[in-house]
Amino acid sequence: MATAIGKRVLDKGWLAARSTEVNLTGVELTTTHPPSHQSPWMEAVVPGTVLATLLKNKLVPDPFYGLENELIIDIADSGRQYYTFWFFTTFECKLLLEEKDVTETSKNYRLLAVCSKVNGKKFHGVAITLQKHRKVAAVFEWKGMSYFAVVITLVGAVGNDSFKFFRKVLAGVDNDKDDIVLEKVITVVSTNQYVDLNFRAINYSAEVYLNGRKEVLPKGMFRRHSIDVTDIIKPDGENLLAVLVYPPDHPGRIPPEGGGHEIRKDVAAQYVEGWDWMAPIRDRNTGIWDEVFLSVTGPVKIVDPHLVSSFFDNYKRVYLHSKLELVNKSNWVAECSLNVQVATELEGNTCMVEHLQTQNLSIPAESQVQYTLPELFFYKPKLWWPNGMGEQSLYNVEITVDVRGNRESDSWSQHFGFRKIESHIDSSTGGRLFKVNGQPIFIRGGNWILSDGLLRLSEKRYKTDIKFHADMNLNMIRCWGGGLAERPEFYHYCDIYGLLVSSFASLDTVKLLRNHPSLALWVGGNERAPPDDINTALKKDLQLHPYFESSTDLKYSKEEISLLLDPSEYLDGTRVYVQGAMWDGFANGKGDFTKGPYEIQDPENFFKDDFYSYGFNPEVGSVGTPVAATIRATIPPQGWQIPLFRELPNGCVEEVPNPVWTYHKYIPHSKPESADNQILLYGTPKDLDDFCLKAQLVNFTQYRALLEGWASRMWSKYTGVLIWKTQNPRTGLRGQLYDHLHEQTAGFYGCRCAAEPIHVQLNLATYYVEVVNTTSDEISDVAIEASVWDLEGGCPYYQALDKLTIPSKRTVSIFEMKYPKSETPKPLYFLLLKLYKMSVCDILSRNFYWLHLPGGDFKLLEPYKKNKISLKITSLTFIRGSSYEVRMHIENTSKKPDSRSLIHNNNFLAKGGSRNFDVPSSAAVLNMPEKKEEPSSLQRIWKNFSTRTSGKRVIEISGSHAGVAFFLHFSVHASRTGNTDSEDIRILPVHYSDNYFSLVPGELMTVSLNFEVPQGITPHIRLHGWNYQDGHTVL
């Protein structure tokens, strides 16, 4: 069956071998001596790296486990050739072939001179000779016979003299004419199908061999490569593809402390040489690290369309501008119909076409043209908004080109969001200010390195990563300048979940990514601006279209825009370019190192006037110790020793970690100048579990305070902040909100709490209760309730204020929480804040603190572990295939709620939750439609998919004490198969609507869990908490 028009990914059946162990040339590998599954050849990881391939074949230890990375030879010691590898695969690409009479005259035929196949040795010699003559030699299967074929493209008429022409060609090929018998000349037309071999990225340089033909690819880790192989492939047989991949030219040598960054001389990722937060990658990510694919088209190919939207009349009138490149590969004028369809998805597998436009045009032979389509008009389209500001509405734009007499020649499609993004330096704060659809966006986001340090990238992992950021209520990801500009799949999920992205720019990267609505900013360098010549070129290439020059606040009419160059004709034209991470509204704006800090803080520091002096902090970080189960899964038992606490002469406490923790970049929980040891505030930990549990308390308070401190000064001092960093591309013990195995730390939920679009918080510097409203709507008729709870379950302090109005885009200080100033305050207490809508008692925000009096600590929590608090847990499970949704109602039954509470039943239901256990929620089907949960999605899924319910289950945990059920957290497990504590039986990832939460007496909370279960595994859910150290199986 012939290969259809479109894309075919080559991601299976790859082999690899070290180049020094292969004694064949690329021509030999792809003609006479293809490799087999025998040494030195091994199964390869493509897309992936050399190191990923070696790990898959167990030829190196796991570089992310313990100290085993030290057992792998570094490229600085081995030399580049040690990590220079061959990659090999085969594929078929059957084209449509039709035999024509040689006497027929045409200008459109590709001709084959078909000769009897000679013996292998002679054939090889002929093939090499033909290569020199720029002809293509191959074994050609025709009607069951095997022939030696010479493929030549003629421009001009074909007639009876063709036989003489080919005899003349062959006469100059080989002196031994007896072995080449010209049997006949036929003309074969492939219905004008053309094939490109595409590499979306290779690190760092490569030689490509296909059926004996060699192509040398330009150097660079991030550039795309496309090779026209129409005249190289065997249209009716097996094709042999070999790629020789070379490492970066300047891999660098690993110094004792982090990377020396010699690799900066190459256009490649910089983290691979090591950093203060990252161990080195031994092969420097050498390999075919992004997808390889064939693209089959007709005579005309679509290249890099550019979509831009412009808005008028307060976003009611919208125009879609589009430009594309069309390449005519044939030797005749192509009469084309260019079709543009814009559609929205409806229920089921149907869509509604919003626009359908057809343009007729002629493309000269063997040429490429730039074509700008007439703009399309939309009235009140659904707009795309960042996370927390509205829906992420996406349209599907499909462009096809039909060539007269050849039907569809090529097609291209892209999800597109109508939105206008603006960015300028705010005059009052000096920070960079972002606007989307005219609305200022207070940025609370994170720095991103990449998903996996061995570049084992996948859509599934990207989806989890990006949804985790949305779950934290973040609205921006900054692609750190020493990592990756990231792949289109990354941006696809940022489009779906509403994460704005700051990314670094190059010409090819811009063309690859510019149509994604999530992409917000182009950046030149990290802590340095690019070299002057590159920086000047980027500024010129990425200049804004006048319509998008928000800094001048120009208001163009539609008629005025029509007189300007169409926006789609710019390389981008819609997004600002800044030269580096500390320029132009970031840090001090001048390129000085004025970001950070990167270590532990007393939580109240984040609220103080002198904590950070500039409007937008591009990097501020803290600790990130993972849970104990992750340490056991990624570090051998000899590395489970917790840090030693050593008192210094000045009274400060120094943490001394073991060597394995040091290798994984552990940072301490104290800083002599600014923070006492935050772990020891809870008492000296006795073992790994106790240490990691107390570290989670610190993680939660650190990251909640960080984001709340910035939100407290929203617009008055700050325009945004980016956490350094949200995750690590390998096992790490610092700066992360979830670990490399996809287990969240408590800091994840501290961020989720603090970054709510509408949020009630305690200013830890002033002890005033504040309400943060980052939305575009004023909030009216709301009330705030503040209640203090002691360790005995009493409520010694209560304050409520109602009939409040909170303006849009404002942080408002409401009242002082005066309990610490009361006559007999407890040295340690809990504070529960609730913001709710009075008319319906819907809770808009809930925030729970554990606090001590000035100069105190949290050591009274240690004996509080022994207090057993009664809980009632009601669960309902929905199962569809391997997808699980579990909804948990958790109630603290130790005491009835205080009668003064204004909230009925003292309940807190997660947003989107329901008390109705008879219908499943949309969260149960997280992975079915790749979009946020909507009622229409729920109806569609439940209509088309079978779901079974396991039934309601009620578990009661009895206790003898009244009080707060403190720091509860769920986890999901498979059954244990061995007897070792290091066996990791967790099921990951799990999306929790909340975790690491606490319940005051009488309070009820709903938590949903969504996860995938491997085949044959029955999941078990356990509940742990401060008062439940041993845990309880609740499902």
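The values are calculated or read from the model by the stated rules, or taken from the named source; none is laboratory data. Only a predicted model underlies this, so the values are computations on that prediction, with no experimental measurement involved. Using ideal geometry, Cβ is built from the backbone for each residue, glycine included, and neighbour counts are taken over all protein chains shown. Areas reflect the complete protein model, heavy atoms only, side chains present, ligands, DNA and RNA absent. Shrake-Rupley method; radii C 1.70, N 1.55, O 1.52, S 1.80 Å.
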Quiz item: Within region 76-91, how many residues are charged (D, E, K, R) and in contact (Cβ under 8 Å) with a residue 12 or more places away in the chain?
Solution: 1
Quiz item: Is at least one residue of region 468-480 modelled with pLDDT of 95 or more, open to solvent by 20 Å² or more (accessible area, probe 1.4 Å) and polar (S, T, N, Q)?
Solution: yes
Quiz prompt | Residues satisfying the stated conditions in region 201-238, i.e. assigned to a loop (DSSP other than H, G, I, E, B) and more than 30 Å from the chain's Cα centre (by Cα) | solution = 211, 212, 229, 230, 231, 232, 233, 234, 235, 236, 237
Quiz item: Quick one: what pairs do we get from region 767-778, first residue without any contact (Cβ under 8 Å) to a residue 40 or more places away in the chain, second part of a loop (DSSP other than H, G, I, E, B) and open to solvent by 20 Å² or more (accessible area, probe 1.4 Å), C-beta under 7 Å, 6+ apart or different chains?
Solution: 773/807; 773/808; 773/809; 777/808; 778/807; 778/808
Exercise. Return yes when residue 337 is in a strand (DSSP E or B) and buried (at least 16 other Cβ atoms within 10 Å of the Cβ) and no when it is not.
Key: no
Quiz item: Pairs, please: C-beta under 9 Å, at least 6 apart or cross-chain, first residue in contact (Cβ under 8 Å) with a residue 60 or more places away in the chain and over 13 Å from residue 826 (Cβ atoms) and in region 843-854, second of a type in the set (S, T, N, Q) and not in a strand (DSSP E or B)?
Solution: 849/701
Quiz item: Which helices (runs of 4 or more DSSP H) does region 403-516 wholly contain that include 1 or more residues that are small (Gly, Ala, Ser)?
Solution: 459-471
Quiz item: Does residue 268 fit the bill of being open to solvent by 10 Å² or more (accessible area, probe 1.4 Å) and either hydroxyl-bearing (Ser, Thr, Tyr) or within 28 Å of the chain's Cα centre (by Cα) (or both)?
Solution: yes
Quiz item: Residue check: is residue 978 part of a loop (DSSP other than H, G, I, E, B), at pLDDT below 95 and at positive phi?
Solution: no
Exercise. Determine if region 377-387 includes at least one residue that is hydrophobic (A, V, I, L, M, F, W, C) and over 25 Å from residue 494 (Cβ atoms).
Key: yes
Quiz prompt | Exclusive hit being open to solvent by 20 Å² or more (accessible area, probe 1.4 Å) and either among the polar types (S, T, N, Q) or in a strand (DSSP E or B) (or both), set 875, 839, 845 | solution = 839
Quiz item: Just checking, how many residues over region 648-666 are within 14 Å of residue 626 (Cα to Cα) and either touching an Asp or Glu at 6+ places or on another chain (Cβ under 6 Å) or of a type in the set (Gly, Ala, Ser) (or both)?
Solution: 0
Quiz item: Across region 242-260, which residue is farthest from residue 12 (Cα to Cα) among those that are touching a strand residue (DSSP E or B) at 6+ places or on another chain (Cβ under 9 Å) and in a loop (DSSP other than H, G, I, E, B)?
Solution: 258
Quiz prompt | Counted residues, region 807-817 - those being not in a loop (DSSP other than H, G, I, E, B) and not aliphatic (A, V, I, L, M) | solution = 5
Quiz item: When region 450-467 is examined, which residues are found to be buried (at least 23 other Cβ atoms within 10 Å of the Cβ), over 8 Å from the mean Cα position of the chain (by Cα) and among the hydrophobic types (A, V, I, L, M, F, W, C)?
Solution: 454, 455
Quiz item: Restricting attention to region 725-747, which residues are of a type in the set (A, V, I, L, M, F, W, C) and crowded, with 23+ Cβ neighbours inside 10 Å?
Solution: 733, 737, 746
Quiz item: surrounded by fewer than 24 Cβ atoms within 10 Å (Cβ to Cβ), touching a residue at least 24 places away in the same chain (Cβ under 8 Å) and among the charged types (D, E, K, R): does that describe residue 316?
Solution: yes
Practice problem: Name every residue in region 342-400 that is within 25 Å of residue 467 (Cα to Cα), of a type in the set (A, V, I, L, M) and either in contact with a helix residue (DSSP H, G or I) (Cβ under 8 Å, 6 or more places away or on another chain) or open to solvent by 20 Å² or more (accessible area, probe 1.4 Å) (or both), in order of residue number. | Solution: 346, 383, 389, 394
Self-check item: Output for region 772-786, where each listed residue is out of contact with any His (no Cβ under 7 Å at 6 or more places or on another chain) and closer than 22 Å to residue 606 by Cβ
Solution: 773, 774, 784, 786
